[in-house]
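Report on one structure; see the data block that follows.
The values are calculated or read from the model by the stated rules, or taken from the named source; none is laboratory data. This is a predicted model, so every value here is computed, not measured. Cβ placement follows ideal geometry from the backbone for every residue including glycine, while neighbour counts extend to all protein chains displayed.
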Amino acid sequence: MSYTPVIGLEVHVELSTKSKMFCSCPANHFRAKPNENTCPVCLGLPGALPYSNHQAIIDTIKFGYAFKCNISQISKFDRKHYFYPDLPKAYQISQYDMPLCEDGSYIHNGKKVRIKRIHLEEDTGKLVHSVVNGKKVSLVDFNRSGVPLMELVTEPDFDSIDAAIEFLREVQKVVRFIGISAADMEKGSMRLEANVSIRNSTDKNLPDYKIELKNINSFKFLKKALEVELTRQEKLLNEGIKLQQETRGFDESASNTFAQRSKEEAKDYRYFPEPDLPPLKFSKIELKEIEDNMPDLPGDYYAKFTKIGVRNDYADLLTQDRQLAQNMLKVVSDVKYRKLDPNEIVSVVVNNKLAEIDQIRLQVNKLITQKSLMVSDDKLLGEWVETAINSLPQAATDYKSGNANAIGVIIGKVMQLSGGKADAKRVHEMIVSKLSG
Ligand SMILES: [Zn+2]
């Protein structure tokens, strides 16, 4: 039987705001001493009152606009209850039924992927498993507790692993282009989850189960986890075994997924509105202002590059990195460089792995100097070619008898005669035509 994958994604992105989501502790928890960035609010001490980080809310709205979401004029925070050692309040402040952003979309290869929602919540602390005085212990570090965390949830609209991974790469790029997070997977500031099931290819209905793959911290692992999970499900379905809703982890060394727990339902979390935070309200004018001030996204840069004649594959390369895209756009649209083919500029930048604007300008200026000094006058070139061939009869004979490499020696001689100024491409053509004539 042939099956089609049904994949939905959840992405968590930590925002790089100065302070945490509901208190004024620094949000940057990398390289901080354990529990250095804490206060009664993010330690969950009784009586401590949270207040919202406005910048984190604006950042999330921008992220929502980037994925064409409807931004809610009114939304709110809710308490999501569950017990975990790194969650001192025994609830997480999140958003339940009124998220900031809903009903977005993303077009991939002409196919639409629906974004169900994007909401804002607080990150949890971190458990550190260690050995102290010869004893195995679990220590808790609350530096990460309360760091603003966005969660994007898609509908199960991906029918291939590659499409899912490409979407996640796009999410990472968009976040970086907006400048709201480093989205660094190694540091955990971007984390992936997927829900996956398979359906009979002829059946249009969604399967009645889904398996969640949690806490995956690289594109490579997610790809691998999805591959082994799809194979596992296919095998079970072929054996006539019905799959159950559950959460599974991925064991990279054993290259398989393993059951963690059966899936919680929303009612298990006993959501209720956070009484200590007022609802979030935005007027249409306020939202419009945020939308109007959206920075250029990778797709915008791509369109601008191709419009001025940059090749598609180059435009794609340039839009992998915001700094590179910004700087290159400045350079290729600079009047000073108009006489150059933009692809020539890109090729210099790509080959030299440049990203800083000063370095780019320096290289492009060099290119202009080279080109302006270059001799491409056929009469003069012809004289040098003649002299070179006459002085290297052996190379000429070798070339004529089929040794194509021998031409390099003659070109080298011409370059020497011209002081390095001869147009090498034209010289090559002239030697070929002369020796084969
Ligand atoms: Zn705090």
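Key figures for this structure:
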item	result
Entirely in segment 338-437, the helices (runs of 4 or more DSSP H) that have 2 or more residues that are at pLDDT 90 or above and either under 30 Å from residue 328 (Cβ atoms) or among the aliphatic types (A, V, I, L, M) (or both)	378-391, 393-400, 407-417, 424-436
Within segment 33-47, tally of residues that are within 12 Å of the ligand (Cβ to nearest atom) and farther than 18 Å from residue 77 by Cα	8
Residue within segment 140-155 that is modelled with pLDDT of 95 or more, at positive phi and crowded, with 23+ Cβ neighbours inside 10 Å present	yes
Conditions (1) within 30 Å of residue 58 (Cα to Cα); (2) under 24 Å from the mean Cα position of the chain (by Cα); (3) crowded, with 16+ Cβ neighbours inside 10 Å; number of the one not met by residue 310	(1)
Positions within segment 48-86 being in contact with a Gly (Cβ under 7 Å, 6 or more places away or on another chain) and within 16 Å of the ligand (Cβ to nearest atom), in sequence order	86
Residue in segment 207-224 that is touching a residue at least 60 places away in the same chain (Cβ under 8 Å) and under 25 Å from residue 169 (Cβ atoms) present	yes
Residue within segment 188-200 that is surrounded by 12 or more Cβ atoms within 10 Å (Cβ to Cβ) and out of contact with any Asp or Glu (no Cβ under 9 Å at 6 or more places or on another chain) present	yes
Criterion violated by residue 93 - all others in (1) in a strand (DSSP E or B); (2) away from the ligand (no atom under 16 Å from the Cβ) satisfied	(2)
Residue within segment 357-372 that is under 30 Å from residue 167 (Cα atoms) and surrounded by fewer than 17 Cβ atoms within 10 Å (Cβ to Cβ) present	yes
Strands (runs of 3 or more DSSP E) wholly inside segment 211-299 that include at least 1 residues being farther than 26 Å from residue 184 by Cα and in contact with a strand residue (DSSP E or B) (Cβ under 8 Å, 6 or more places away or on another chain)	246-251, 256-262
Where a residue in segment 85-102 is modelled with pLDDT of 95 or more and its partner, wherever it lies, is part of a loop (DSSP other than H, G, I, E, B) and among the polar types (S, T, N, Q), with Cβ under 8 Å and at least six apart	92/124; 98/72; 99/72; 100/72; 101/72; 102/72
Out of 112, 116, sole residue that is crowded, with 18+ Cβ neighbours inside 10 Å and either in a strand (DSSP E or B) or within 13 Å of the ligand (Cβ to nearest atom) (or both)	116
Subset of segment 6-28 that is under 30 Å from residue 206 (Cβ atoms) and buried (at least 23 other Cβ atoms within 10 Å of the Cβ) - its residue that is farthest from the ligand (Cβ to nearest atom)	7
Pair list, Cβ < 9 Å and 6+ apart or interchain, from segment 36-64 residues that are outside any loop (DSSP other than H, G, I, E, B) to residues that are within 16 Å of the ligand (Cβ to nearest atom) and charged (D, E, K, R)	55/18; 56/20
Residue within segment 252-270 that is farther than 16 Å from residue 8 by Cα and modelled with pLDDT of 85 or more present	yes
Positions within segment 300-320 being more than 30 Å from residue 70 (Cβ to Cβ) and not in a helix (DSSP H, G or I), in sequence order	308, 309, 310, 311
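Conditions tested, residue by residue: (1) on the phi > 0 side of the Ramachandran plot; (2) out of contact with any Ser or Thr (no Cβ under 7 Å at 6 or more places or on another chain); (3) charged (D, E, K, R); (4) part of a strand (DSSP E or B).
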| position | (1), (2), (3), (4) |
| --- | --- |
| 86 | no, no, yes, no |
| 97 | no, yes, yes, no |
| 103 | yes, yes, yes, yes |
| 106 | no, yes, no, yes |
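Here's the yes/no breakdown for (1) more than 20 Å from residue 20 (Cβ to Cβ); (2) buried (at least 21 other Cβ atoms within 10 Å of the Cβ); (3) in contact (Cβ under 8 Å) with a residue 24 or more places away in the chain:
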site: 133; (1), (2), (3): yes, no, no
site: 161; (1), (2), (3): yes, no, yes
site: 173; (1), (2), (3): yes, no, yes
site: 182; (1), (2), (3): no, no, yes
